[in-house]
Every structure is written in structure tokens, then in C-alpha cells.
Amino acid sequence: MGDVLVFAEHTHGHFPKTTLIAIQAGREMAAKRGGVCCAVVLGASCDGPAAEIARYGVNKVFALEDPRLEHHLADASAQALAGLIKGTGAETLLATATAMGKDLMPRVAARLNAPMASDIVAINDDGTVIRPMYAGNVLATVELDGPVRIVTVRGTAFDAATAGNEAAAIEKVKPELDPASLKMEFVNFNEIKSDRPQLTEARIVVSGGRGLKSGENFKTVLEPLVDELGAAMGASRAAVDAGFVPNDLQVGQTGKVVAPQLYVAVGISGAIQHLAGMKDSKTIVAINKDEEAPIFSVADFGLVADLFKAVPEMTEEVRKLKH
Amino acid sequence: MKILVPVKRVPDPATTIRVAPDGAGIATDNVKWVINPFDEIAIEEALRIKEKQGQGEVVLIAVGQQSWQEQLRTGLAMGADRAILVRSDAPLDPLAIARVIAKVAENEKPELIIIGKQAIDDDSNQVGQMIAEMLGWPQATFASKIELNGDRCSVVREVDGGLATVAFPLPAVVTTDLRLNEPRYASLPGIMKARKKPLNEIAVDSLGVDLTPKLKIKVLKTPEKRQAGRKLGSVQELVAALHNEAKVI
Ligand SMILES: Cc1cc2nc3c(=O)[nH]c(=O)nc-3n(C[C@H](O)[C@H](O)[C@H](O)COP(=O)(O)OP(=O)(O)OC[C@H]3O[C@@H](n4cnc5c(N)ncnc54)[C@H](O)[C@@H]3O)c2cc1C
Ligand SMILES: Nc1ncnc2c1ncn2[C@@H]1O[C@H](COP(=O)(O)O)[C@@H](O)[C@H]1O
């Protein structure tokens, strides 16, 4: 009754914060639905990750192991997960709305003929959930009908689960995969390596927009501030489209949603699609030379200035603070 | 190659959206309606594939009301060959929409469905993946590059932490991300020609698929607005405020 299964996404056996957030949301969902919360890991072999996630306050960990699950491919993963849901009788399958969660969960939903609510920000006591629509201009209360339901949660809306001393039992399950229907093939993953914190994990995020004018300026003007603050770097769509920075730095309605302690928007106008991805940050700073820029309407602290002068100055001031 | 492109009618992304007083929907006065931006990208990509191959057909499909003809005509004016409007006056949930499009795809037998990753009104990001599963086809979400080679397709996907490439045989579903292309505008001759292109209407009930809504919107609310703070006179003041007042650095 009311059991929850959390899809515990891992990369190279490591769990990003987004997964721990899913676990926390899963536990909250299970508590409200009168069930227990279990986790599921997928992979060619899952001993390491299964043992790790077992310490995060779940009832049990299912390890779906198969060589065909070595790389995430939506067709195989969806079959494996749907099979497990049927086997365990769980009511809710839950994941965080990461790229992988978004790719996979609707496919499982279709396979199970189950309704899905994307990117939820709250779970109500009556089983309904709340999710933003229209770039966050609207909050909808939605009901999911049926014996099985799928949700993805917004990473900023729940805390991350913390590890305890006890470890849950691990059950290995051989997924049933129909070879004839598996047509997808992994070719490669071109990873963007960075020594900075992840956008979705950082305490401070500094984002640059079109106002930076070039990728070179991101490096010479913005990055010193990013690093002085120990921050993650983000960007507006305009900066990504112009090729200044890689796509996975895009913050917004159609990029990543972040809510750090401090968000610094530099040379970003504050279009609604950008605000959708950062307006729940605790403290927002905007640096823009246009005093009418909409970003100032959400900023706690605004600075009307030329960024090429203000950002190096700010880097210097922050450096002074530390000494 | 025959390519099917789903098209949704959504409010222009530049419109300010307000919840209607009864909380059942949004206030639609003063809303300008457009093709969902990700679907424009999908149409553009389909047209480029057709142009490159020198043959093929680009078929648009919308599941909605009479008024959605407007967006289908715009898509035809961009260069699509014909359009299908599956008339449904009641709003449907993503599962039902996917089922309708999958059903039409079974009849039309396209080799490729190119579809937006996300509708900018409901922000669901579900329909493409659901269609792929219903048809038992491979999928590539968040595409920033599509390469076709005979009956095989390879797609570069924008994912967390980098770019992932997947490959598979056709038929398949590909969902578009922002960097796939820059959609063209409909030209004046394109608009003239579009008037004569076929736009077939079929009633959603005639397809015999389950339309029962399982995802129900109970009520819409306006989120609390964040209050603007204050403007500071200098970088020194800003850093001092962050350090002493907000205590975030
Ligand atoms: C379907 C769709 C999805 C979208 N998704 C997203 C999304 O996820 N994320 C996102 O960010 N956007 C998104 N957008 C785009 C969004 O509408 C805006 O176009 C974009 O956010 C603008 O980026 P920007 O603020 O960097 O550029 P601009 O709007 O051009 O703003 C640049 C700012 O820099 C300031 N500036 C210039 N020079 C200086 C200087 N020397 N010093 C100080 N300030 C300076 C200017 O005053 C201006 O305010 C989306 C749009 C659509 C249609
Ligand atoms: N009613 C509809 N008619 C046609 N296509 C639709 C409809 N609803 C959604 N889609 C398509 O599905 C994509 C993803 O939408 P969604 O899953 O709702 O975010 C959109 O970009 C559209 O191409």
C-alpha cells in the first residue's frame, strides 16, 4: 500500500545530490501514502552504488543488473523499471527531473499506462502534488489517477537525504528484457570536465549572459569571480546559444533549475524563462548596466554598472574579505 | 523519407501569463498564440532533412481545437506538405495525446517523428518519450544534432554534464532541444501556397483510443511574487551587504 520506488540515478557509481533529493522526496511521499520507500539502481553491476544508497534511510535497495544496462538507454531502462514496478506492486515511481529522469520516466509511464506529473515542488497530504507550469508563472495542483503513478521532483524543492549508520537490505533482480525490442545503442559520452562545483549542488552560482559578449570574457572577466567565490558557473540561454559556454550551464525554464544561497546574475536581462530557473535562490544579486532590466525586480541587491568594471572590482573585494 | 511533426498551440513566450479568476485555467485575453517554439525547431529540422534528401514528406499533426488550424497553417507556410488536425475540444493529458499521435503514426507510417522536447505551457516534457514507448521505437531526447545514414540515425543529445550520442535504426522518435537549428520564418509565397495545402480534420473519438484523463489539474494558483530589494551605489557596498547582512559570503 502506497509504496514508493525511487530511481537512484548514479554516474560512474557516484550519486549526485539530485539523487539524494529524490530519496528524501520519496520518503516524504511514502510517509504521506502510508507505505515504505525503496530505491532502485540500474547497471551492469551495481554492488558499489547499491551498498552506498542503502545507507540513506530507504527500506530496501533493488539492484537491477544486466550487461545491457551498462549505459543509460531509455528503451532498456524503461523495460527493466516497469518490470520491477509490476513485481513489487509499488504505487509511485519517483525520480528527480534531471536529463536522465526526464528521458526515462515518461517511457516507463507509457509502458505502465500510468499518469506522470513532471517536476513537482510539493506533495500534499491528500496525495495530490503541486507543479509549476508556464515557466513558473502558475502553480498547478494535480491529481494522478490509477494504481501506479510516476513523478519527477524538482531538485530545488526538497532537501537531500543524509546517510545514517544502518544499511538497508539489497535485493538483486535480473530484469526481464526483450532483446528484439532493444534498438538503442550507446555511441559515446562527451563529458565536460570541470573542477568547479556542479550547478545543481553549489552554494553559490555566478551566471553570465549576453552582456559578457564572448566566451573569452567568460574566462577572463567572470571566471575569476566564480573561483574566488568557490561558486558554480551558470549562463543564460543567449550566452549558451552564442557558444560562449557549454549547453549544460543553461539556467532556466528549459535548462537547469537552481536555488543556491547566493545567485549572482551578470549581464543577464532577466527574461521570464531565465527567472524560472533561479528565482527561488535565497539571495539574488544582479549586475547590469540597464537600470530598467527586469532582473532587478527579483534581485535583493542590484548594482547598475558596467560589468567589465564591476566584476573585476568585486573579485578584488571578495579576495580582500578573505585576508 | 516521411517525417511526422506534432505541433502544439501555446501562448507566445513573451506574453505575461495570469491565472483566470476561477483558477481553472489561464486568462486568455491579450494572449497571442504561436507554435510551441520547440515544435518550430522540429518543423525546421524535418524540412532540412527533406531538402537534403531531395525528397520526402513532412506531415504536421495537432491534437486540439479548431483554432489550432492557425498554427498548422503557419507550419505549412514554413514548408510542411500537409497537416492533420485531430479535433478534441476537451483538454487531454500527455498519455492521451501520445496515444492519439501514436495511433495516427501507425496509420501514416512515418520513418521519423521529430517532436519538441517540451511544451512551454504545461512544461511536461513527456509526450515524445511516451509515443516512442507506445510504438516500441527507439528515442533520442534533447537533440542538438541529427545524422541520418540510410535507415540508421545517430543523435547528439544535450544531457547533464556533456553531450551523449546514441544510434539506432529507424523508425524512431527524436525530441528537439534549442541548439538543433534556427527555424526559418514563413515567406510570403510560402503563406500563399499554404492556403492550398491539405489540412485534414479527424474527430478524436474516431480513433478508438482511450482518452480518459488520468492526470487531472484541480486548481491553478499564482505563485508568491518575490519582492525586489534595493540598488546599491558601489561594489564595496554590495560586497559588504553580502558579507554582513545576507551573510552569504
Ligand atoms: C522556448 C524558450 C525557452 C527559453 N529558455 C530559456 C532558459 O532556459 N534560460 C534562459 O536564460 N533563457 C531562456 N530563453 C531565452 C530568454 O527568453 C531570453 O532571450 C534570454 O534569457 C536572454 O539572455 P540574456 O539575459 O543573457 O540576454 P539579453 O536579454 O540580451 O540581456 C543582456 C543583458 O546584459 C546587459 N549588459 C550588456 N552589456 C553590459 C555591460 N557591459 N555591463 C552590464 N550589463 C550589460 C544588458 O543591459 C541586458 O540586460 C528561452 C526562450 C524561449 C523562447
Ligand atoms: N495537443 C498536442 N497536439 C500536438 N502535439 C502536442 C500536443 N501536446 C503536446 N504535443 C507535442 O509534445 C511535445 C512535448 O509536450 P509536453 O510533453 O506536453 O511538454 C510538444 O513540443 C508538442 O510537439
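Among the residues of region B:223-249, which ones are among the small types (Gly, Ala, Ser) and facing chain A (nearest Cβ under 7 Å)?
Residues satisfying the conditions are B:Ala228, B:Gly229, B:Ala241, B:Ala246.
Search region A:281-297 for residues being crowded, with 22+ Cβ neighbours inside 10 Å and more than 18 Å from A:Lys213 (Cβ to Cβ), and hand back the single one that is farthest from the chain's Cα centre (by Cα).
Taking the candidates together, the pick is A:Phe296.
So which residues in region A:227-239 are more than 8 Å from ligand 1 (Cβ to nearest atom) and either within 21 Å of the chain's Cα centre (by Cα) or within 12 Å of chain B (Cβ to nearest Cβ) (or both)?
A:Glu228, A:Leu229, A:Gly230, A:Ala231, A:Ala232, A:Met233, A:Gly234
Every residue, every condition in (1) among the polar types (S, T, N, Q); (2) at pLDDT 95 or above; (3) over 16 Å from A:Lys172 (Cβ atoms); (4) assigned to a strand (DSSP E or B), yes or no:
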position	(1), (2), (3), (4)
A:Val6	no, yes, yes, yes
A:Gln24	yes, yes, yes, no
A:Val41	no, yes, no, yes
A:Pro49	no, yes, no, no
A:Glu52	no, yes, no, no
A:Arg55	no, yes, yes, no
A:Val58	no, yes, no, no
A:Ala76	no, yes, yes, no
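Suppose we keep only residues that are without any contact (Cβ under 8 Å) to a residue 60 or more places away in the chain and among the polar types (S, T, N, Q) within region A:241-259. Which one would you say is nearest to A:Arg203 (Cα to Cα)?
Filtering region A:241-259 for residues that are without any contact (Cβ under 8 Å) to a residue 60 or more places away in the chain and among the polar types (S, T, N, Q), the one nearest to A:Arg203 (Cα to Cα) comes out as A:Gln250.
Taking the conditions exactly as written (more than 16 Å from ligand 1 (Cβ to nearest atom), assigned to a helix (DSSP H, G or I) and among the basic types (Lys, Arg)), does B:Arg157 satisfy them or not?
no
Identify the residue in region B:124-154 that is away from ligand 2 (no atom under 16 Å from the Cβ) and assigned to a loop (DSSP other than H, G, I, E, B) and, among all such residues, is nearest to B:Glu51 (Cα to Cα).
Checking each candidate, the answer is B:Gly150.
Can you give me the number of residues within region B:126-139 that are facing another protein chain (nearest Cβ under 7 Å), in contact (Cβ under 8 Å) with a residue 24 or more places away in the chain and in contact with a strand residue (DSSP E or B) (Cβ under 9 Å, 6 or more places away or on another chain)?
6
If I ask for residues that are more than 7 Å from every other protein chain (Cβ to nearest Cβ) and either over 9 Å from the mean Cα position of the chain (by Cα) or not small (Gly, Ala, Ser) (or both), which ones from region A:90-99 would you list?
Correct list: A:Ala90, A:Glu91, A:Thr92, A:Leu93, A:Leu94, A:Ala95, A:Thr96.
Please work out which residue is nearest to B:Ser124 (Cα to Cα), limiting yourself to region B:33-81 and to residues that are touching a helix residue (DSSP H, G or I) at 6+ places or on another chain (Cβ under 8 Å) and among the small types (Gly, Ala, Ser).
B:Ala62
Given the residues B:Val31, B:Val19, B:Val86, which is the only one that is within 14 Å of chain A (Cβ to nearest Cβ), among the hydrophobic types (A, V, I, L, M, F, W, C) and away from ligand 1 (no atom under 16 Å from the Cβ)?
Of the residues listed, the single one that is within 14 Å of chain A (Cβ to nearest Cβ), among the hydrophobic types (A, V, I, L, M, F, W, C) and away from ligand 1 (no atom under 16 Å from the Cβ) is B:Val19.
Looking for whichever is in contact with a helix residue (DSSP H, G or I) (Cβ under 9 Å, 6 or more places away or on another chain), away from ligand 2 (no atom under 16 Å from the Cβ), on the phi > 0 side of the Ramachandran plot and of a type outside the set (Val, Ile, Thr) here; the options are A:Gly215, A:Gly243, A:Gly209. Which one fits?
It is A:Gly243.
Going by what's in this entry, would B:Lys103 be described as more than 17 Å from B:Lys197 (Cβ to Cβ), out of contact with any His (no Cβ under 8 Å at 6 or more places or on another chain) and at pLDDT 95 or above?
Criteria met by B:Lys103.
From the list A:Ala157, A:Ala109, A:Ala163, exactly one residue is outside any loop (DSSP other than H, G, I, E, B), small (Gly, Ala, Ser) and in contact with an Asp or Glu (Cβ under 9 Å, 6 or more places away or on another chain). Which is it?
Only one candidate passes the filter, namely A:Ala109.
Can you work out which of the residues in region B:89-124 that are within 16 Å of ligand 1 (Cβ to nearest atom) and among the polar types (S, T, N, Q) is surrounded by the most Cβ atoms within 10 Å (Cβ to Cβ)?
B:Gln118
Applying the selection to region B:223-249, what residues are more than 32 Å from the chain's Cα centre (by Cα) and either closer than 30 Å to A:Asp126 by Cα or assigned to a loop (DSSP other than H, G, I, E, B) (or both)?
B:Gln227, B:Ala228, B:Gly229, B:Gly233, B:Ser234, B:Ala246, B:Lys247, B:Val248, B:Ile249
Condition first: of a type outside the set (Ser, Thr, Tyr) and within 9 Å of another protein chain (Cβ to nearest Cβ). Now tell me which residues in region B:140-154 satisfy that.
Across region B:140-154, the qualifying residues are B:Ala140, B:Phe142.
Test of understanding: among A:Gln253, A:Gln273, A:Gln261, which residue is at the interface with chain B (Cβ under 10 Å from one of its Cβ atoms), out of contact with any Leu (no Cβ under 9 Å at 6 or more places or on another chain) and within 16 Å of ligand 2 (Cβ to nearest atom)?
The conditions single out A:Gln273.
Please pick out the residue among A:Gly215, A:Gly146, A:Gly164, A:Gly208 that is surrounded by 22 or more Cβ atoms within 10 Å (Cβ to Cβ) and small (Gly, Ala, Ser).
Being surrounded by 22 or more Cβ atoms within 10 Å (Cβ to Cβ) and small (Gly, Ala, Ser) holds for just one of A:Gly215, A:Gly146, A:Gly164, A:Gly208, which is A:Gly208.
Give me the residue from region B:185-222 that is within 14 Å of chain A (Cβ to nearest Cβ) and part of a loop (DSSP other than H, G, I, E, B) and, out of that set, farthest from B:Val19 (Cα to Cα).
Looking at the filtered set, the residue picked out is B:Val209.
Considering each of B:Ile61, B:Ile84, B:Ile97, B:Ile49 in turn, give the residue that is under 28 Å from B:Glu201 (Cβ atoms) and more than 13 Å from ligand 2 (Cβ to nearest atom).
B:Ile49
Filter region B:218-234 down to the residues that are in contact (Cβ under 8 Å) with a residue 60 or more places away in the chain and of a type outside the set (S, T, N, Q) and list them by number.
B:Val219, B:Leu220, B:Lys221, listed by residue number.
The values are calculated or read from the model by the stated rules, or taken from the named source; none is laboratory data. This is a predicted model, so every value here is computed, not measured. We place every Cβ from the backbone using ideal geometry, glycine too, and count neighbours over all the protein chains shown.
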